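**Q** One structure, as structure tokens, below. Some questions next.
The values are calculated or read from the model by the stated rules, or taken from the named source; none is laboratory data. Note that the coordinates shown come from a computational prediction; the quantities given were computed from them, not determined experimentally. All Cβ positions, glycine included, derive from the backbone under ideal geometry; neighbour counts span all protein chains shown. When the accessible area is computed, the model is the full protein with side chains, heavy atoms only, and any ligands, DNA or RNA have been set aside. Shrake-Rupley method; radii C 1.70, N 1.55, O 1.52, S 1.80 Å.
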Amino acid sequence: MLSAKVEFCTHVIVRAGELIMEGFGQARDIQMKGPQDYLTEFDGRCEKFLREAVAHAYPEDGFFGEEGGGVDAPRLWVVDPIDGTANFARNIPHFCVAIAYVENGRAEFGAIYNPVLKELHFARRGQGASLNGKAIRVSGVESPQAATIEFGWSSRIEKRDYLETMSGLLDLGLNVRRAGSGALGLAYVADGRNEAYAERHMNAWDCMAGLLMVEEAGGRVCSFEGSEKILRGGPVLASVPGLAEPISQIAGIPLA
Ligand code: IPD
Ligand code: CA
């Protein structure tokens, strides 16, 4: 039963990626939902495609998407039609589609697809994580002086809070970057391109697939389960085991 859903998910996410590629490189119909919060016509089109595909294949399941919202349900598809919309809108090829399949508040599998690089990150609970079908593990780097963290930002966060944490991360010796797609940032911890990802507030559609990926790839993560987190979001931390404790302390984000 779950295997059929996995197959459906990995197929439909690639189709969704093809759909958004039709709009990539053609900046048009760009709107602002709020400060530094971009919206393009392809966010809506992609979410509509995925919402209809899930409703057709699994009419008994719920759907919770960035653009159209939704309600919690015992079996729930949590979807970001384009994560990294600001990049997408400005012709920067770092964005993705993210899907988490959640049962009773806990992610069971997740997929993140970058249609530019044709990279599909996937994880299923208890069965590991992969990139284009090949098993992935978190990086073996343990020295902060050789490690990179992506520290996400949005206008939902207080400036002082962001800068204080940033200062602590730099003091630890980390290279701190922000690339504008939280979902890809987490996938890049799972495959060893970054050692950690942290953000003071993320929505469920940005992080549930990626957190499962990091966990399945051998990293440590914060807990992100239950209706409250799904509907309102919360702080996010994912890291290689050797750096998880100090980063958790600096960021004030508890590990699971
Ligand atoms: C945003 C991106 C960004 C993260 C924000 C998200 P969007 O999603 O993932 O990297 O820092 O928290 O809201 O607007 O590109 O879908
Ligand atoms: Ca997003």
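**Q** From the list M21, M1, which one is farther than 22 Å from G69 by Cα and open to solvent by less than 100 Å² (accessible area, probe 1.4 Å)?
**A** Details: M1 fails: open to solvent by less than 100 Å² (accessible area, probe 1.4 Å).
Unique residue meeting the criteria: M21.
**Q** Against the definition (surrounded by 15 or more Cβ atoms within 10 Å (Cβ to Cβ), touching a residue at least 24 places away in the same chain (Cβ under 8 Å), within 15 Å of the chain's Cα centre (by Cα) and over 21 Å from E225 (Cα atoms)), how does T10 come out, yes or no? Before the answer, list the steps.
**A** Working: surrounded by 15 or more Cβ atoms within 10 Å (Cβ to Cβ): yes; touching a residue at least 24 places away in the same chain (Cβ under 8 Å): yes; within 15 Å of the chain's Cα centre (by Cα): no; over 21 Å from E225 (Cα atoms): yes.
No, not satisfied.
Per-residue answers, yes or no, for (1) polar (S, T, N, Q); (2) within 16 Å of ligand 2 (Cβ to nearest atom); (3) in contact with a helix residue (DSSP H, G or I) (Cβ under 9 Å, 6 or more places away or on another chain); (4) at positive phi:
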residue: M166; (1), (2), (3), (4): no, no, no, no
residue: N175; (1), (2), (3), (4): yes, no, yes, no
residue: A183; (1), (2), (3), (4): no, yes, yes, no
residue: L186; (1), (2), (3), (4): no, yes, yes, no
residue: F224; (1), (2), (3), (4): no, yes, yes, no
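**Q** Considering only region 91-151, give the strands (runs of 3 or more DSSP E) lying wholly within it that have at least 1 residues that are touching a Phe, Trp or Tyr at 6+ places or on another chain (Cβ under 6 Å) and among the aromatic types (F, W, Y). Before the answer, list the steps.
**A** Details: elements: 96-103, 106-114, 119-124, 129-131, 148-151.
So the answer is 96-103, 106-114.
Yes/no matrix, rows are residues, columns are (1) charged (D, E, K, R); (2) assigned by TED's automatic domain parsing to the domain that holds I30; (3) on the phi < 0 side of the Ramachandran plot; (4) within 14 Å of ligand 1 (Cβ to nearest atom):
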| site | (1), (2), (3), (4) |
| --- | --- |
| W77 | no, yes, yes, no |
| T85 | no, yes, yes, yes |
| A89 | no, yes, yes, yes |
| R106 | yes, yes, yes, no |
| G110 | no, yes, yes, no |
| N114 | no, yes, yes, yes |
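**Q** May I pose another question? Which residue pairs have Cβ atoms closer than 8 Å, lie 6 or more positions apart in sequence or on different chains, and pair a first residue in region 155-183 that is among the charged types (D, E, K, R) with a second residue that is more than 11 Å from ligand 1 (Cβ to nearest atom) and open to solvent by less than 40 Å² (accessible area, probe 1.4 Å)?
**A** Within 8 Å, the pairs are R177/T148; R177/I149; R177/N194.
**Q** Could you check region 24-57 and list, in sequence order, the residues that are small (G, A, S) and more than 15 Å from ligand 2 (Cβ to nearest atom)? It would help to see each step written out before you state the result.
**A** Filtering region 24-57 for residues small (G, A, S) gives 25, 27, 34, 44, 53, 55, 57.
Of everything in region 24-57, those that are small (G, A, S) and more than 15 Å from ligand 2 (Cβ to nearest atom) turn out to be G25, A27, A53, A55, A57.
**Q** Checking S130 against (1) within 16 Å of ligand 2 (Cβ to nearest atom); (2) open to solvent by less than 30 Å² (accessible area, probe 1.4 Å), which single condition isn't satisfied?
**A** It fails just one condition, (1).
**Q** Now, a different point. Quick test for you: out of D161, D191, D206, pick the one residue that is within 16 Å of ligand 2 (Cβ to nearest atom), of a type in the set (D, E, K, R) and not assigned by TED's automatic domain parsing to the domain that holds N91. If you could, list the steps in order and put the result at the bottom.
**A** Working: D161 fails: within 16 Å of ligand 2 (Cβ to nearest atom); D191 fails: within 16 Å of ligand 2 (Cβ to nearest atom).
The unique qualifying residue is D206.
**Q** Continuing with this model, one more query. For region 160-256, which strands (runs of 3 or more DSSP E) that fit wholly inside it have 2 or more residues that are buried (at least 18 other Cβ atoms within 10 Å of the Cβ)?
**A** On the way: elements: 175-177, 196-202, 234-239.
Correct list: 196-202, 234-239.
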